[in-house]
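Here's the structure, in C-alpha cells; my notes come after.
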Amino acid sequence: MTERKPPGVSFESFVDRQIREAADRGDFARLPGLGKPLASLDAPYDELWWVKGKLHREGFSPLPPALALRKEAEDAYGAALAAPTEQRARAVLAEVNEKIRTALRRPPPGPPLGLAEFDVEAVLAERRARRAAG
C-alpha cells in the first residue's frame, strides 16, 4: 500500500522513491507475464478495451447464443482435426454434437442456428487423410 505524499516533496521524486523501494524489495521480479510482450501492443486503440477484456475473462460472449454456438462448432472442428489422438478428437466432437443437439431441440434466441451435428467418422477420416498427406 502506498503512503500519502508528504508535503514539500515533489510528486515525481515521491513516485520515483516508491518505485525504487519496490524494485529493491523485488516486487517486480514475480509479476505475471514477465518477459512476455504485451498482447495488445499492436492493436488499434479501443476505448472499451478493459470492458472487452473483463467480458472475455468472465466468459461472456458478445454474440447471440446461436452465433456463439456456430463459432464454437467451427473451433471444435479445427480442434478435432488438430487433436493429438483420435480418442481426443472423438471427445471434442461428441461434446459439441451434444450442444448442437440441445440447440436443435430448443432453438436459442437470435438468428437461425443453421447447424447440423458433425459426422464423427467423416471428420476422423478427413483427419487421417490430412495426417497421411503431411
Point to revise | Percentage of interatomic Cα-Cα distances in region 16-82 larger than 19 Å | key: 65 percent
**Study point:** Accessible carbon and sulfur surface of the chain relative to its total accessible area, %, 1.4 Å
**Key:** 60 percent
Study note, to complete from the structure: The answer for region 5-134, accessible area per residue at 1.4 Å probe in Å², is 77 Å²
Point to revise | Cβ charges +1 (Lys, Arg) and -1 (Asp, Glu), total dipole of the chain, debye | key: 280 debye
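The values are calculated or read from the model by the stated rules, or taken from the named source; none is laboratory data. Since this is a predicted model, take the numbers as computed values, not measurements. Every residue, glycine among them, receives a Cβ derived from its backbone with ideal geometry; neighbour counts consider all protein chains shown. For the accessible areas, the whole protein counts, side chains as well, though only heavy atoms, and no ligand, DNA or RNA atoms are used. Shrake-Rupley method; radii C 1.70, N 1.55, O 1.52, S 1.80 Å.
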